[in-house]
1. For each of 161, 140, 218, count neighbouring Cβ atoms within 10 Å of the residue's Cβ, then give the residues from fewest to most.
2. Taking the simple approach of a point 7 Å from Cα along Cα-to-Cβ for both residue 143 and residue 121, what is their distance in nm?
3. Go ahead and collect, in residue order, the members of region 162-187 whose backbone nitrogen is under 16 Å from a label point 7 Å along the Cα-Cβ direction of residue 198.
4. Any chance you could check the Cα centroid distance between region 211-267 and region 137-208 for me, in angstrom?
5. Under a point spin-label approximation (7 Å from Cα along Cα-to-Cβ), what is the residue 189-residue 255 distance to one decimal in nm?
6. What are the ³J(HN,Hα) couplings of region 199-214, residue after residue, when phi is run through the Karplus curve with 6.51, -1.76, 1.60 and θ = phi - 60°? Round to Hz, x for glycine and proline.
7. For an R0 of 41 angstrom, estimate the FRET efficiency from the Cβ-Cβ distance between residue 213 and residue 57 and round to the nearest 0.05.
8. Please give me the summed charge of the neighbours of residue 184: other residues whose Cβ is under 15 Å from its Cβ, Lys and Arg +1, Asp and Glu -1.
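Every number in this text was worked out from the coordinates using simple rules, so none of it is lab data. Quick caveat: nothing in here was measured; it's all calculated off a predicted structure. No Cβ is skipped: glycine too gets one built from the backbone with ideal geometry, and neighbour counts run over all protein chains shown.
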Amino acid sequence: MKRILSALLILCLLTALLPGAYAVTLSVGSTTVADKVSLYNGVTYVPLRATALLLCSGASVSWENGKAVIRAPGLTVSARPGDCYVDANGRKLFAKDGVRLVNGTTLIPVRVLAKAMDASVFWDGAAQKVILKSGSNSIESGDSYYNSDSVYWLSRIINAESGGEPLFGKIAVGNVILNRVNSPDFPDNIYDVIFDDVGGVQFTPVSNGTINNTPNAESVLAAKLCLDGASVVGGSLFFLNPAKAASLWIVRNCAFVATIGNHSFYA
């Protein structure tokens, strides 16, 4: 029987330890490994090496150029401590509170690792257990998952509006664009949202031409993170720079969500 198909990983969370840290038992078939899992801001983190090896018997884990790297048939995952994302087959998977390095062990959110390895995550509230069940162990590659036109235009509006902002500020601008795509009040694709002129041009870079500038690398990263589900400003549909805004209609008529960098975001 292939462990790749039948693996059942049980993370037993016990509350007898220090706040935020739990004892954990990782079990696959007859193999049991004692390790630790941590809770940061309500997010369960697991040790990358131990968890990956249990989920996929053919995996290897190494440390390369400051990154923990998982390699398995059809899968390459890299995670750099301090980054707010994990790269899985070219996909950019958001880890809002970052990849962590604790006492030499690389920790990542359990749901991020599960997505990277195509595993399923379940919560057993009665038993206080997080249960991981392995799947194909190979996430769809970025080359086939990301639509090239979506990355092209989303990265350009992110760069034009927030090229000098922190990464979370870039993600937030991308969130607004995708929230509009999903809203019945706006066009249903990224290009048309950007170039929407109902009621006037929606985004200054369209009128001044900076929408056509080549985006920097972090703006492309932010676009891919957004397209893979990263969200930092909820359902926001508007943003502005309060110091430069010519109109305060948004401030007066919309619900404030957050300020990131120089932009304030509203729903």
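1. On the way: 161 26, 140 14, 218 18.
Least to most surrounded, the residues fall as 140, 218, 161.
2. About 2.8 nm, to one decimal.
3. Answer for this model: 177-187.
4. 10
5. 3.1
6. x, x, 4, 7, 10, 3, x, 5, 7, 9, x, 5, 4, 8, 5, 5
7. Values: r = 47 Å, r/R0 = 1.16.
With a Förster radius of 41 Å, E is 0.30.
8. Numbers: positive: 180; negative: 185, 188, 192, 196.
Surrounding charge for residue 184 is -3.
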